[in-house]
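J.: After the structure tokens below, expect a handful of questions from me.
All of the numbers you see were taken from the coordinates with simple rules; none came from a lab. Note that this is a predicted model, so its numbers are computed, not measured. Cβ placement follows ideal geometry from the backbone for every residue including glycine, while neighbour counts extend to all protein chains displayed.
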Amino acid sequence: MSAERKPSRLRLVVLVSGRGSNLQALLDAGGERNFPAEVVAVISDNESASALDRARNVGIEARWVDPAGEDFEERLGREVEAMCPGLICCAGYMRILSSSFVARFSGKIINIHPSLLPSFPGLRAQRKALRAGVRVSGCTVHFIDEGVDTGPIILQAAVPVMPDDDEESLSERILAFEHRLYPLAVRLIAEGKIRLEGNRVFLDKESAWENLDGFIAPKPIIS
Ligand code: GRF
């Protein structure tokens, strides 16, 4: 047996409800040798979510937690805890987490949302952006707090809205950025380059701007 120990990677538990393309981006990133995090389990409230199949296809633990019943979140929390997560990533998870769930995993749950928050929180963010007539929208990775899409912003990517866009075309353009932004945010967290203070997120000096692949960070520097 080799005496050399592999450095441990941040354990990701991903909560999903549907298609799972952001999960796929995290699975793909985790498959890279130098990525500092790995998906260890995928948990869904929807038994037929294709995201569960994406996990099973690559031999990753995939579980359904039946959302029926008042103790749903308690059971969900137990499943999550059993996987010893370093970080919980919501990726198209369609339920609002209660404040007690959020408090239980405080500072360890993140989400990706298809708009430049705080604009257009909630469902159908791309349609709301089109209706508002904005010229730029995008996506946001943020910590989850008790509100709906109100938590501290980690990273954002700006995406143009084209004159002939409909909800589908705009969603597709934003989604391509989501797939790059989510793994990047996870990487920065796994490398300890992100600090959460109250409702603000700070990036360490070297990670600001130059290593961010053109994405927008909320506040470039402090340390
Ligand atoms: C994404 O647009 C994500 O931002 C939003 O829900 C969608 C999920 O898509 N929260 P997928 O299941 O990751 O493909």
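J.: Please pull out the direction-averaged projected area of the stretch 8-95, using the convex hull of its alpha-carbon atoms, in nm² to one decimal place.
T.: Details: hull surface 20.8 nm².
Directional mean of the projected Cα hull area for the stretch 8-95 stands at 5.2 nm².
J.: What is the antiparallel percent of DSSP beta bridges lying wholly in the stretch 1-156, to the nearest 5?
T.: Numbers: 7 of 25 bridges.
Bridges in the stretch 1-156 that DSSP calls antiparallel: roughly 30 percent.
J.: Among S171, S115, S21, which comes first, second and so on when ranked by fewest other beta-carbon atoms within 10 Å? Please list the in-between numbers first.
T.: Working: S171 19, S115 24, S21 16.
The fewest-first ordering by Cβ neighbours comes to S21, S171, S115.
J.: Scan around G86 for amide H atoms under 5 Å from its own, H built in the peptide plane at 1.01 Å from N, and keep only partners 5 or more places away or cross-chain.
T.: Excluding prolines and chain starts, which carry no amide H, the hits are R11, L12, V13.
J.: Take the alpha-carbon positions of the chain, form their convex hull, and give its projected area averaged over all directions (one quarter of the hull surface) in nm².
T.: Result: 13.6 nm².
J.: Among DSSP bridges having both ends in the stretch 8-95, what percentage is antiparallel? Round to the nearest 5. Don't skip to the answer; put the middle values down first.
T.: Working: 0 of 15 bridges.
So the antiparallel bridges amount to about 0 percent of the total.
J.: Multiply the residue separation of R127 and V58 by 0.36 nm, subtract the distance between their alpha-carbon atoms, and state the gained length in nm to one decimal. Numbers along the way, then the final one.
T.: Numbers: separation 69, 0.36 × 69 = 24.84 nm, distance 3.36 nm.
Contour length minus Cα-Cα distance gives 21.5 nm.
J.: Here is a follow-up. Please work out how much length the chain gains when fully extended from S119 to E70, using 0.36 nm per residue of separation minus the C-alpha to C-alpha distance, in nm with one decimal. Please list the in-between numbers first.
T.: On the way: separation 49, 0.36 × 49 = 17.64 nm, distance 3.20 nm.
Full extension of this stretch gives 14.4 nm more.
J.: Just to confirm the filter: which GluC sites (Glu not before Pro) across the stretch 61-135 are DSSP coil and have at most 12 other Cβ within 10 angstrom of their Cβ? List each step's numbers first, then the result.
T.: Values: sites: E61, E70, E73, E74, E79, E81; in loops: E70.
Of the GluC sites (Glu not before Pro), the ones in loops of the stretch 61-135 whose Cβ has at most 12 other Cβ atoms within 10 Å are E70.
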